[in-house]
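Student: Below you will find the structure I want to go over with you.
The values are calculated or read from the model by the stated rules, or taken from the named source; none is laboratory data. If you're wondering where the values come from, they're calculated on a predicted model, not measured in any experiment. Counting neighbours? That spans all protein chains shown, and the Cβs are built from the backbone with ideal geometry, glycine included.
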């Protein structure tokens, strides 16, 4: 998330200032909301375990080989700063309560989700309008259910 109103988030814990290698975030304050495998589930026999929220996860920082899908828009009419705060609160709610299986390439009918599933689920929970690029992105079409962010329809 790269806020339009940089002053609202400058120096805020959890936000980073982008260096020259930060792609679109270069010279700006930003925060990445993402998730990945826990690798701590002993029952899974060494498999990835659960999908855990991991803000500013090193593999998802700007400037890496990630796809930037574009800007998002609140369906509730929230401004930029309010939407960013809402997304951060939903992420925190997921981190505190949710335990779901991780799957590198989740398919419909399976019990796992991945980082792309997490992001699309988070955007759905925040009632955000977004468009995915016209390429295959594993897990993006299988969002984490909004209930996992403590949002109930």
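Student: Of the conditions (1) modelled with pLDDT of 95 or more; (2) touching a strand residue (DSSP E or B) at 6+ places or on another chain (Cβ under 9 Å), residue 88 satisfies every one except a single condition; which number is it?
Tutor: (2)
Student: Oh, and also: Which of the residues belonging to segment 116-147 are surrounded by fewer than 23 Cβ atoms within 10 Å (Cβ to Cβ), in contact (Cβ under 8 Å) with a residue 24 or more places away in the chain and more than 17 Å from residue 72 (Cα to Cα)?
Tutor: 135, 137, 138, 142, 145, 146
Student: Can you name the number of the only condition in (1) loosely packed, with under 13 Cβ neighbours inside 10 Å; (2) in contact (Cβ under 8 Å) with a residue 40 or more places away in the chain; (3) over 14 Å from the mean Cα position of the chain (by Cα) that residue 112 fails?
Tutor: Here residue 112 clears every test but (1).
Student: Checking residue 58 against (1) within 23 Å of residue 131 (Cα to Cα); (2) within 17 Å of the chain's Cα centre (by Cα); (3) modelled with pLDDT under 95; (4) exposed (fewer than 14 other Cβ atoms within 10 Å of the Cβ), which single condition isn't satisfied?
Tutor: (1)
Student: Still on this structure, I have one more. Kindly indicate whether any position in segment 72-84 is more than 16 Å from residue 35 (Cβ to Cβ), within 15 Å of the chain's Cα centre (by Cα) and part of a helix (DSSP H, G or I).
Tutor: Scanning segment 72-84, I find at least one residue that is more than 16 Å from residue 35 (Cβ to Cβ), within 15 Å of the chain's Cα centre (by Cα) and part of a helix (DSSP H, G or I), so the answer is yes.
Student: If you go through segment 96-109, how many residues are at pLDDT 90 or above, surrounded by 15 or more Cβ atoms within 10 Å (Cβ to Cβ) and either within 13 Å of the chain's Cα centre (by Cα) or not in a strand (DSSP E or B) (or both)?
Tutor: So the answer is 3.
Student: Another question, if that's okay. Go through segment 96-109 residue by residue and tally those that are farther than 15 Å from residue 37 by Cβ and in contact (Cβ under 8 Å) with a residue 12 or more places away in the chain. Full working, then the answer.
Tutor: Step one: list which residues in segment 96-109 are farther than 15 Å from residue 37 by Cβ, which gives 96-97, 107-109.
The next check asks that each one be in contact (Cβ under 8 Å) with a residue 12 or more places away in the chain; those that pass are 97, 107-108.
Residues flagged as farther than 15 Å from residue 37 by Cβ and in contact (Cβ under 8 Å) with a residue 12 or more places away in the chain within segment 96-109 amount to 3.
Student: Taking the conditions exactly as written (modelled with pLDDT of 95 or more, assigned to a loop (DSSP other than H, G, I, E, B) and over 21 Å from residue 148 (Cβ atoms)), does residue 20 satisfy them or not?
Tutor: The answer is no for residue 20.
Student: So residue 139 clears everything in (1) under 20 Å from residue 60 (Cβ atoms); (2) in a helix (DSSP H, G or I) except one condition, right? Which one?
Tutor: (2)
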